[in-house]
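First up is the structure itself, then whatever we jot down about it.
Coordinate-derived values only; no laboratory data. This one's a predicted model, so the numbers in the text were calculated from it and none came from an experiment. All Cβ positions, glycine included, derive from the backbone under ideal geometry; neighbour counts span all protein chains shown.
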Amino acid sequence: MKKAGSSSDRIRTRGGRLTLPKRLVSRVAHKPEETTFVVKPMGEGLFVVPEEKLTPFLEAALEFRQEVDAAGVTLEDLLEGLNEEKARYTREVYGG
């Protein structure tokens, strides 16, 4: 027996459309018959979330991720930049 929330489903496309099973939609939406979903590309996959649950913060984070991916910036690049900013801040505040 599978634990709740651990199952995965295979969903096929037909004519370029995805049809989500009602039992999945019912788990994430208050009104399954009236729910609009937001679909965002994420790497090699898709991020699908009910529009009502997509907060401005999450949307900004997804947009940032897409911009970073499009620019070819890696996690290592971001961490290096963070370390440089930390060193600059330390010099400004504490001297050195």
Cβ density ranking, 10 Å radius, fewest first, applied to V68, V49 yields V68, V49
Shape call for region 6-54 from the C-alpha gyration tensor, a ≥ b ≥ c root eigenvalues: rounded (a/c under 1.5), prolate (a/b greater than b/c) or oblate? rounded
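When a/c is below 1.5 the answer is rounded, else prolate if a/b is larger than b/c, else oblate, so apply that to region 55-96 with a ≥ b ≥ c taken from the square roots of the Cα gyration tensor eigenvalues.
Oblate shape, in that a/c is at least 1.5 and b/c is the bigger or equal ratio.
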How far apart, in nm, are the 7 Å Cα→Cβ label points at L58 and E80? 3.3
Once Lys and Arg are counted +1 and Asp and Glu -1 for all other residues with Cβ under 13 Å from that of E59, the total becomes -1
Identify all aspartates and glutamates with a Cα-Cα distance to K31 below 14 Å; exclude those on the same chain that are fewer than 8 residues away in sequence. E51, E52
Return the label of the correct value of percent of Cα pairs over 17 Å apart, as calculated from the structure shown, out of (1) 68; (2) 62; (3) 74. (1)
